[in-house]
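Below you'll find the structure, written out as structure tokens, and then a few comments.
Bear in mind these aren't lab numbers, they're just calculated from the coordinates by the rules spelled out. Everything numeric here is computed off the predicted structure, so don't read it as measured data. Neighbour counts are summed over all protein chains in view; Cβ atoms, including those assigned to glycine, are modelled from backbone coordinates with ideal geometry.
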Amino acid sequence: MTRNTVISVKDLVKRFGSFTANDNLNFEVYEGEIFGFLGANGAGKTTAIRILSGLSRPTSGKATVAGFDAGTQPEKIKKNIGYMCQKFSLYEDLTVRENIILYGVIYGMKLPALKQRIRQLLEKLKFEEYENRIISDLPLGLRQKLAFTIAVLHEPRIVFLDEPTGGVDPITRRQFWEMIYETAAMNITVFVTTHYMDEAEYCDRVSIMSEGKIVALDTPAELKRQYNAESVEEVFVKIARPPTPSRPAVGTGSKGGLKPEPDTTGKI
Amino acid sequence: MKRFLGFVKKEFLHIFRDYRTLIIIFGIPAAQILIFGFVVRTDIKDAGVAVLDLSHDEITQRLTNKIFSSGFFVNDGNLLNYNDIDVTFKKGNTKAIFVFEENFGSNLYRKGRASMSIIADGSEPNVATLITNYTTAIVNDFNRELNKDAVNSVLLIQPEVKMFYNPELKSHFMFVPGVITLILILICALMTSVTITREKEFGTMEVLLVSPLKPLQIILGKVTPYFLLSFINITLILILSWIVFGLPIKGSVVLLLFESMLYILMSLSLGILISTISKTMQQAIFISFLGLMLPTIILSGFIFPIENMPKVYEIVSKIIPPSYFITIIKGIMIKGTGITFVWKETLVILFMTLLFIGLSVRKFKIRLQ
């Protein structure tokens with residue numbers, strides 16, 4: 001590939017005490033690519049995303065995001081990325097418009113430009129009637145779309161989506177992925193984690209993590225060929241061996257019974 | 001700066017959109033001031049009093065009749081000796097007992113003076129004070145009547161007031177400083193800890209942390225609205241208590257507001273600290289109520305005098321910040337003291353503020369590493 005690299009990770013290690021969450025990660029992500037970041041719960045995905053988005057520093061190794069070092073220039077990284085997390089991330093008691101303005105202002109957009117942008121976005125999403133409704137009145141699918149729109153509002157170079165489609169109906173998921181494609185077409189890199197393996201098929205390339213290591217990284221087609229599998233789900237089950245044998249099938253989107261990832265998110 | 005202001009604006013939107021928050025911030029203080037004030041201002045009517053008449057002469061009879069015909073008291077029985085006093089009080093109905101000494105009448109005419117005791121139940125300080133004041137006035141009035149009849153000598157009945165159970169009647173007029181102390185720590189610590197944990201619970205905190213907003217800006221943005229509202233609040237409480245009860249501020253208003261600001265800052269940093277150790281809003285509310293509300297009410301000297309407490313509680317009351325602020329605010333409002341008398345307490349609160357901020361920053365850094 002001759003595309004520009006926007007994320008480059010080299011020998012990245014992250015330890016919490018004696019626990020190694022990320023064990024020597026090496027990979028690159030290219031501009032405008034949809035990069036699927038898969039792994040069972042507890043495999044270390046969230047830790048890696050937190051480092052790449054400037055929330056956490058690597059113990060050793062190097063991660064460069066949008067040209068900035070995750071260890072020393074997290075503030076610069078933050079200006080160049082968008083982020084949408086698995087938990088719902090809009091303010092439920094604010095209106096659609098207020099939410100958009102808030103994030104626009106936080107990302108340093110100027111008000112006149114922002115107002116024009118809001119008009120475009122609402123039109124595109126067919127959201128005009130919701131402009132002054134508070135978020136808690138909106139159905140989950142719409143909220144999720146809005147959250148994504150806000151994550152790319154400031155046209156970042158990379159957008160991180162941490163399980164963006166959890167609990168969303170199939171039709172909305174479909175529409176959501178159309179939005180992801182549109183975003184990638186605007187040359188914004190999409191870095192996405194998911195538990196839905198059918199979604200993994202939509203990615204340009206997929207990496208699979210297991211117990212802190214990246215155990216596979218390639219296009220979905222190539223992975224299926226290598227592992228002689230019908231689907232990415234089959235590949236996933238073959239290589240991402242869970243720590244306990246009695247776990248329910250991974251990849252159905254169900255989280256029941258799975259060991260939770262060490263909760264390092266959202267704490268301040 | 002624009003980012004920060006945008007964020008502060010959002011925080012105000014949260015507050016004004018949620019009427020419950022507004023009720024807590026402005027409704028509760030007003031209600032508390034009025035309720036406490038109403039209790040203090042209650043006129044006594046038909047208060048149960050008993051008489052221990054050791055003299056049984058014409059004068060004591062006249063005085064007793066005068067007291068009961070005033071309309072403030074109802075006769076709750078006649079006692080036979082001193083031993084009955086405690087028993088009578090413990091039954092609960094009797095708020096005060098009037099004791100006439102032996103040979104009351106003859107003492108009055110021969111020696112020119114006789115003494116009576118007004119023994120009030122100090123466990124209800126406000127009622128006790130009112131009763132003693134009313135009775136003293138009635139007795140003085142009776143003195144004047146007597147002296148009109150007497151030609152030469154001055155006759156004098158000396159009422160002697162005794163308070164049972166709480167001799168110093170500490171809690172008089174304490175309620176305004178107490179309510180201010182309580183309200184400020186409640187609003188600041190409770191509200192900040194809840195509003196910060198709410199962002200954690202809804203997942204918005206993560207999004208904020210990933211944004212170009214610096215962590216310090218996020219915290220300041222969350223805290224600024226509450227700082228402003230608390231400041232408006234204390235001003236309103238002071239104006240309200242001045243208009244309704246005529247409670248003056250004897251000391252410097254500027255000093256009072258300055259000390260309040262410091263106390264608000266302390267409470268806010270305490271709220272931030274609580275938010276760093278609690279994961280959910282419920283936890284934050286629980287810690288704030290159990291850890292702050294109760295000690296403030298019980299151990300800060302707001303209602304119960306610290307001097308009367310067992311040693312252990314006295315030590316606890318030394319640890320909680322409201323006790324210091326109550327000393328400061330009482331001093332300034334009621335006694336009119338200046339900074340020279342409250343600088344030690346001020347330093348303690350300042351030190352606590354820095355301590356709480358330091359602890360929060362440390363916890364915060366560990367989480368972010």
Handout entry: Per-residue ³J(HN,Hα) for segment A:207-217, Karplus 6.51 cos²θ - 1.76 cosθ + 1.60, θ = phi - 60°, Hz, x for Gly and Pro
Key = 10, 10, 9, 8, 6, x, 10, 8, 9, 7, 7
Problem - Dipole-positive endmost among B:Ala114, B:Leu63, B:Val49 within segment B:1-148 (Cβ charges, Cα centre) - result: B:Val49
Practice task
State the three equivalent ellipsoid semi-axes of the protein assembly as shown, derived from the C-alpha gyration tensor as the square roots of 5 times its eigenvalues, in descending order and whole Å.
Solution key: 74, 23, 21
Problem - Debye, to nearest 20: dipole size of the protein assembly as shown, +1 on Lys, Arg Cβ, -1 on Asp, Glu Cβ - result: 1680 debye
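Report, to two decimal places, the Cα Rg of chain B normalised by 2.2 N^0.38 Å (N = number of residues).
Details: Rg = 27.4 Å, N = 369, 2.2 N^0.38 = 20.8 Å.
Ratio of Rg to 2.2 N^0.38 Å for chain B: 1.32.
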Completion exercise
Given Cβ charges of +1 for Lys and Arg and -1 for Asp and Glu, the option among A:Met209, A:Tyr91, B:Thr21 whose Cα lies farthest towards the positive end of the dipole of the protein assembly as shown is A:Met209
Problem - Distance histogram for segment A:122-195 (every C-alpha pair counted, 5 angstrom bins, percent rounded to whole numbers) - result: 3, 14, 27, 26, 19, 9, 1
Problem - B:Leu52 long-range amide H proximity, modeled H, under 5 Å - result: B:Leu79, B:Phe98, B:Val99, B:Phe100
Practice task
With springs connecting C-alpha atoms under 10 Å apart, model chain B as a Gaussian network and identify which of B:Thr340, B:Thr280, B:Thr60 has the largest mean-square fluctuation.
Solution key: B:Thr340
Practice task
Give the cross-link partners of A:Lys213 among the aspartates and glutamates, using a straight C-alpha distance below 14 Å as the criterion and excluding same-chain residues fewer than 8 apart.
Solution key: A:Asp11, A:Asp23
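Work out the mean other chain Cβ neighbour count within 10 Å for the residues of B:195-206 and drop it here as an integer.
Numbers: counts 0, 1, 1, 1, 4, 5, 2, 7, 11, 10, 7, 14.
Going residue by residue through B:195-206 and averaging, the value is 5.
Could you tell me which chymotrypsin sites (Phe, Trp or Tyr not before Pro) in segment B:77-108 are loop residues by DSSP with no more than 15 other beta carbons within 10 angstrom of their beta carbon? Before the final figure, lay out the partial values.
Values: sites: B:Tyr82, B:Phe89, B:Phe98, B:Phe100, B:Phe104; in loops: B:Tyr82.
Filter output for segment B:77-108: B:Tyr82.
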Handout entry: For A:65-78, mean number of other protein chain Cβ atoms within 10 Å
Key = 1
Problem - Centre separation in Å (Cα based) which lies between segment A:177-244 and segment A:131-167 - result: 22 Å
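State, as an integer percentage, the relative contact order of chain A based on alpha-carbon contacts under 8 Å between residues 6 or more apart. Intermediate values should be presented prior to the final figure.
Working: 469 pairs, mean separation 67.7, N = 268.
RCO, chain A: 25 percent.
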Practice task
Sort out for me the Cα centre separation of segment B:112-130 from segment A:15-94, rounded to whole Å.
Solution key: 75 Å
Exercise for the section: Pull up the cross-link candidates among the lysines for B:Lys214, meaning alpha carbon to alpha carbon under 18 Å and not fewer than 8 places away within one chain. Expected result: A:Lys76, A:Lys78, A:Lys79, A:Lys267, B:Lys2, B:Lys9, B:Lys10, B:Lys200, B:Lys222, B:Lys363, B:Lys365
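So how strong a dipole does chain B carry about its Cα centre when Lys and Arg Cβ are +1 and Asp and Glu Cβ are -1, to the nearest 20 debye?
Values: 35 positive and 26 negative charges, 444 e Å.
In debye, rounded to 20, chain B gives about 2140.
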Exercise for the section: Show me B:196-203, B:209-216, A:109-116 ranked by packing, highest mean number of other Cβ atoms within 10 Å first. Expected result: B:196-203, B:209-216, A:109-116
Problem - Convex hull volume of segment B:1-110 per residue (C-alpha atoms, cubic angstrom) - result: 188 Å³
Exercise for the section: Quote the relative contact order of chain B in percent (integer), defining contacts as alpha-carbon pairs under 8 Å separated by 6+ residues. Expected result: 17 percent
Exercise for the section: May I have the pair-distance distribution P(r) for chain A, computed from all Cα-Cα distances with 5 Å bins from 0 and rounded to whole percent? Expected result: 1, 6, 13, 17, 19, 17, 13, 8, 5, 2, 0, 0
Completion exercise
Averaged over residues of A:99-106, the number of beta carbons from other chains lying within 10 Å of each residue's Cβ is 5
Handout entry: Mean residue ellipticity (222 nm) of the protein assembly as shown, computed from DSSP H runs ≥ 4 via -39,500 (n - 2.57), nearest 500
Key = -15500 deg cm²/dmol
